[in-house]
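Enquirer: Right, I'll just put the structure down here and ask away after.
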Amino acid sequence: MPFVQASSQLGHLAKFAKSGLRRTPVRQNCIVRAQNESSLNLPNPQRHELESLKLSQKVRNSVQDAVEGLGGRVTVGDVAARAGVKINEAEEALNALAADAGGTLEVSDAGDVLYVLPSNFRQVIAAKSWLLRAEPFLQKVRDASAYLVRVTFGTALITSVILVWVTIVAILSSSSRDSDDRRRSNNSGFTVGGGGGYGSAGPRIWFSPVDVFWYLDPYYMRRRRLRQESGQGMNFLEAIFSFVFGDGNPNESYEERRWRLVGNYIQHKGGVVTAEELAPYLDVPAAGQDADSIVVDESYVVPALVRFGGSPEVDKNNNLVYKFPSLQKTGRRQVAPTPSERVALEQEWKLTEASGGQKAGAIALGLANLVGVVILGALLADPQTRYSLAQSSLSVVLSSFPALQAYAASFFLIPLIRWVINQGRNRNIQQRNEARQSIAALLQRPDSRLRAKLQSASEQAQRTVISDKDIVYSSNKDFVEQNLDLDGESFDKKLAELERGGAFDSRVDRGGDASREKKAFEW
């Protein structure tokens with residue numbers, strides 16, 4: 001059955017079930033889930049426009065990577081935890097990918113939804129859109145453009161230094177030679193006084209602006225990749241740009257990385273955690289005089305609750321824990337691994353990633369340019385010099401001199417401003433990192449109160465694995481062919497068995513790390 005028909009068939013399932021199957025909370029839960037699924041507004045795969053194109057590229061790529069890493073059989077919670085995206089983003093992306101790739105929607109007897117995508121779903125979707133096929137090429141174009149910007153800025157510095165000092169030499173030389181010597185000089189090259197004859201002033205100098213581009217490396221991308229693989233840094237042209245403008249935000253991927261850690265941790269702990277357990281990954285308030293005061297305000301947990309669909313719960317001992325039902329349902333038997341990082345630390349901003357020698361070279365060139373611009377400005381204060389320069393082949397220097405002055409000044413002014421801003425940024429980063437590390441240390445040596453909270457969360461933990469035997473509906477099969485218990489006879493039979501001292505479901509783990517006691521219905 002086409003994937004899009006899942007919505008309507010789930011609606012039929014709910015309609016048939018309304019009359020006689022609301023006799024227990026568990027069965028009612030299944031019906032409510034089915035009704036919710038009927039309003040999913042699942043995309044129609046027959047439409048020419050791909051649903052995947054409506055997703056942001058970042059979310060789409062993250063979800064695709066997560067689905068591939070999980071083997072193609074996933075729940076919304078699996079993908080949200082693995083990719084670090086919001087629950088609603090994961091659901092929207094899975095609906096789009098399943099529709100575009102011809103995936104299957106499966107529903108368990110408890111009403112949990114499972115998405116099954118083919119192993120080559122990326123290729124299937126890409127084959128339907130030239131925009132998706134062109135994305136790798138467009139990314140290469142963006143990378144090449146970014147490289148050209150960095151190299152052009154370094155080239156501009158060297159060009160400015162050469163142009164300024166050539167002009168200075170030409171002006172000084174023109175004042176020390178008489179006009180007869182200048183007329184007998186070679187007619188080729190640039191001349192401050194223009195062509196020969198007519199009493200033109202200025203010496204002839206062998207110089208071509210094309211010469212400043214000799215150092216450009218046409219095989220840069222290949223060489224840069226080899227340098228990175230061998231542990232080498234940036235080249236000198238990049239170092240010039242890096243000195244002035246820096247190397248971008250060192251925490252550009254921090255949000256994505258830390259939400260993956262949070263999702264992984266919650267799923268690893270069975271979907272129930274305390275605020276202190278999440279604190280090493282979140283933006284916690286700075287610690288006061290008392291190290292324990294950092295755990296009083298738990299408002300920093302709110303972003304995690306919003307992203308992963310969690311809610312606070314208070315147990316009988318007034319311990320506050322946070323439950324994430326969506327992350328308790330999974331399509332894989334393997335327990336989520338322990339997060340790779342115990343604390344999600346931010347990196348401090350640096351002025352530049354260039355080496356010491358590269359920084360020294362960039363500063364030397366910047367000083368040479370600045371001194372040259374100052375000297376040239378003093379020489380151009382003479383009207384006769386300005387007139388002679390305007391008549392020469394180096395007249396471009398006169399028209400571009402304000403830009404040369406601005407470039408020379410900004411070469412040191414911009415790094416200075418950046419350095420001041422970075423000091424404030426780094427102070428805030430240090431405070432946040434210290435707060436995270438402080439709580440991480442508390443978790444290693446918890447007091448009695450914290451131990452009670454951790455124990456409560458562990459006891460409420462639950463992990464439900466949706467296996468093939470639990471599936472009661474699949475969108476790749478016709479509705480009438482599926483053995484659906486619409487009259488409730490099988491349900492009543494199972495309930496009677498349970499009331500006589502019944503079975504436990506091996507697919508549900510309760511008790512987190514403390515125990516694996518089975519306490520759920522087996523249908």
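Enquirer: Can you give me the distance in nm between label points at Arg427 and Ile363, each placed 7 Å from the Cα along the Cα-to-Cβ direction?
Expert: Going from the Arg427 label point to the Ile363 one covers 2.5 nm.
Enquirer: Here's a follow-up. Net charge within 14 Å of Asn319 by Cβ-Cβ distance, Lys/Arg positive one each and Asp/Glu negative one each, not counting Asn319 itself?
Expert: Taking every Cβ under 14 Å from that of Asn319, the sum is -2.
Enquirer: Cut-off 19 Å, label point 7 angstrom out along Cα-to-Cβ of Val306: give me the residues of segment 79-97 whose amide nitrogen falls inside.
Expert: 80-81, 84-92
Enquirer: Which length gain, in nm to one decimal place, applies between Asp297 and Ser56 when the Cα-Cα distance is subtracted from 0.36 nm times their residue separation?
Expert: Length gained between Asp297 and Ser56: 83.3 nm.
Enquirer: Let me ask you something else. Once fully extended, how much extra length lies between Glu252 and Asn120, figured as 0.36 nm per residue of separation less the alpha-carbon to alpha-carbon distance?
Expert: 44.5 nm
Enquirer: How many nm is it between the label spots at Ile414 and Arg332, if each spot is 7 Å from the Cα in line with the beta carbon?
Expert: Label at Ile414, label at Arg332, 4.4 nm between them.
Enquirer: May I pose another question? How much length would be gained if the chain were fully extended between Glu434 and Gln405, taking 0.36 nm per residue of separation minus their Cα-Cα distance, in nm to one decimal?
Expert: So the extension gain works out to 6.1 nm.
Enquirer: Order the peptides 131-138, 160-167 from the highest to the lowest mean number of other Cβ atoms within 10 Å of their residues.
Expert: Ranked from most to least packed, the peptides come out as 160-167, 131-138.
Enquirer: Taking the solvent-accessible surface of protein heavy atoms with a 1.4 Å probe, what is the per residue accessible area of segment 239-286 in Å²?
Expert: On a per-residue basis, segment 239-286 sits at 29 Å².
Enquirer: Based on the mean of other Cβ atoms within 10 Å per residue, sort peptides 338-347, 234-243 so the most packed one is first.
Expert: Descending mean neighbour count gives 234-243, 338-347.
Enquirer: Only residues of segment 408-448 count here: report those whose backbone N is under 15 Å from the spot 7 Å along Cα→Cβ of Ala378, or say none.
Expert: none
Enquirer: Give me the accessible area of Asp100, 1.4 Å probe, in Å² rounded to the nearest 10.
Expert: Accessible surface of Asp100 is approximately 10 Å².
Enquirer: Here is a further query. Give the accessible area for Ile417 in Å² (nearest 10); use a 1.4 Å probe, count only protein heavy atoms, and leave out ligands, DNA and RNA.
Expert: For Ile417, solvent-accessible area is about 90 Å².
Enquirer: Between Lys469 and Trp130, what is the label-point separation in nm under the 7 Å Cα-to-beta-carbon projection?
Expert: Going from the Trp130 label point to the Lys469 one covers 5.2 nm.
Enquirer: Give, as a single signed number, the net charge of other residues whose beta carbon lies under 12 Å from the beta carbon of Gly309, with Lys and Arg counted +1 and Asp and Glu -1.
Expert: The answer is +2.
Enquirer: 5 Å is the cut-off here: which amide hydrogens, built 1.01 Å from N in the peptide plane, fall below it relative to Asn235, excluding neighbours closer than 5 in sequence?
Expert: Amide H to amide H, under 5 Å and 5 or more residues apart or across chains, Asn235 pairs with nothing.
Enquirer: Turning to a different aspect of this structure: For segment 256-406, what class follows from the C-alpha gyration tensor (a ≥ b ≥ c being the square roots of its eigenvalues): rounded when a/c is under 1.5, otherwise prolate if a/b is larger than b/c, else oblate?
Expert: The shape class here is prolate.
Enquirer: Ignoring everything but the protein chains, give the 1.4 Å probe accessible area of Arg445 in square angstrom, nearest 10.
Expert: About 150 Å², ignoring ligands and nucleic acids.
Enquirer: What residues from segment 389-416 fall in the zone where the backbone N is under 19 Å from a label point 7 Å along the Cα-to-C-beta line of Ser173?
Expert: From segment 389-416, the list is 389-398.
Enquirer: Determine the sum of side-chain charges near Ser299: Lys and Arg each +1, Asp and Glu each -1, restricted to other residues whose C-beta is under 14 angstrom from that of Ser299.
Expert: Spelling it out: positives minus negatives among the neighbours equals -4.
The values are calculated or read from the model by the stated rules, or taken from the named source; none is laboratory data. All values reported here derive from a predicted model rather than from experimental measurement. Glycine also receives a Cβ, built like all others from the backbone with ideal geometry; neighbour counts cover every protein chain displayed. Accessible surface areas use protein heavy atoms only, side chains included; no ligands, DNA or RNA. Shrake-Rupley method; radii C 1.70, N 1.55, O 1.52, S 1.80 Å.
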